[in-house]
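Peer 1: Okay, here's the structure, questions in a sec.
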Amino acid sequence: MKKVKVLHNLPNGRIIGRTNYQPKINTPIFLDSLGKKRLGKIYDIFGPVDRPYLNIIPASNALRDKSLEKGEAFILQRSRKIKGKRKGSPRRK
């Protein structure tokens, strides 16, 4: 879980936030650390690599206003799926 500091609400409805690492575009952002209330997704990343700014598309206007009041949001780190041979699958002859 990584923190995102919510800085501004833009007139076009998007949110500007800042974080300490480089996330991927379209990564979901949540209002709580448990991942229950989804704020939106990352649309654009700009600024310095070590502390980038995030342009976030909110899921709704109510959540957008709530995020600015709270002042922080969270990016949950999901485990990556490992591609490869399935365990227990029979071999082809």
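Peer 1: Within straight cross-link reach of K36, meaning Cα distance under 19 Å, which aspartates and glutamates are found once same-chain residues fewer than 8 apart are removed?
Peer 2: D65, E69, E72
Peer 1: I want to check the label-to-label distance for K5 and Y43. Put each point 7 Å from Cα in the C-beta direction and report it in nm to one decimal.
Peer 2: The modelled label-to-label distance comes out at 2.3 nm.
Peer 1: Just to check I understand the Karplus step: with θ = phi - 60° and J = 6.51 cos²θ - 1.76 cosθ + 1.60, what whole-Hz values come out for region 11-25, glycine and proline as x?
Peer 2: Once θ is set to phi - 60°, the couplings for region 11-25 become x, 7, x, 8, 10, 9, x, 9, 9, 9, 9, 8, x, 8, 5 Hz.
Read the figures in this text as sums done on the coordinates, not as results from a lab. Computed from a predicted structure; not experimentally measured. As a convention, Cβ positions derive from the backbone with ideal geometry for all residues, glycine included, and neighbour counts pool all protein chains shown.
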